[in-house]
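Structure first, then comments.
Here, each number is a calculation from the coordinates, and none is a lab measurement. What you see is a predicted model, and the numbers here were worked out from it, not measured in a lab. When we count neighbours, we look across all protein chains shown, and the Cβ atoms used for this are built from the backbone with ideal geometry, even at glycine.
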Amino acid sequence: MVNQLVLAFLLSGLIAALAYWRGSLALSGAVTALLVGTVIFGFGGWVWGVLLALFFISSSLLSHYKEREKQAVAEEKFDKGHRRDWGQVLANGGAGAVVALLHGLFPSPLWLPLFLGTMATVTADTWATELGTLSKRPPRLITTGRVVPVGTSGGISAFGTAVSFTGGLLIGLTAGLLGQNNLVALTVIGGIGGLAGSLSDSFLGATVQQIYYCDICGKETEKKIHCGQPTRPLRGWRWMNNDIVNFLSSVLGGVTAVLVYTLIVT
């Protein structure tokens, strides 16, 4: 176990350093990614580590895809940019790290689908955000079906939903190809878990996430400062920011994956 943790620390440090150098992680994000990666690689094993790396690498690449076209939406709507800080890293990898630790201390066949669901969710949600903002059709609010501007919390589109399902399928398929049993089952579990978690993220974003209103430009935003002036709370719970929404949705996606696993595998 000690040798595995040392190797996990070295590999995670290399990936975190490269991501910091490439501008995908802030310094706080790189340090947190080192810790999260060490726990997942060290206690979960190399397959779990590959799934984490697949999420991070694919998401980082997509964040730079057509970056200029997405920049206006990001600056207007999103509280944080593509350079992830410690909060974003924990939001995306924190639940997976806890599951990996439990897997190492208390082995159980249910930890794999739970981890698979968390990784499928953060992959699905990130893919949907990065590519869904490029959709030619405006999204609709998941709770009412009302057409909303691109980037609005809780907005979904057919294209973004398809992309999120694809991201989850990739995580499940990869787990199956890397030597785990039940290739088809794991692929389905990843797709359903990721989609469920991504839709949960949208639902939380439309209902309880804290959203602000800018009186200068008259637009909704996640930012506390917009157009150089403080914004005012519009809806949602004060403490429920986007990072907490991402974390909770990853847990919900993991739970969904476990339920699907018990139905089609056990």
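The table below lists the values:
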{"read-out": "Value at 222 nm in deg cm²/dmol, rounded to 500, when DSSP H runs of n ≥ 4 in the chain each add -39,500 (n - 2.57)", "value": "-22500 deg cm²/dmol"}
{"read-out": "Per residue convex hull volume, Cα atoms of the range 134-261, in Å³", "value": "121 Å³"}
{"read-out": "For the range 2-264: lysine pairs under 22 Å (alpha-carbon distance), excluding those fewer than 8 apart on one chain", "value": "16"}
{"read-out": "For the range 188-225 versus the range 31-50, the gap between their alpha-carbon centres in whole angstrom", "value": "27 Å"}
{"read-out": "For peptides 247-259, 202-214, sequence by mean Cβ density within 10 Å, most packed first", "value": "247-259, 202-214"}
{"read-out": "Fraction in percent of alpha-carbon pairs per bin - 5 Å, the chain", "value": "1, 7, 13, 18, 19, 17, 12, 7, 4, 2, 1, 0"}
{"read-out": "Highest average packing first - 128-141, 29-42, 50-63, Cβ atoms within 10 Å", "value": "29-42, 50-63, 128-141"}
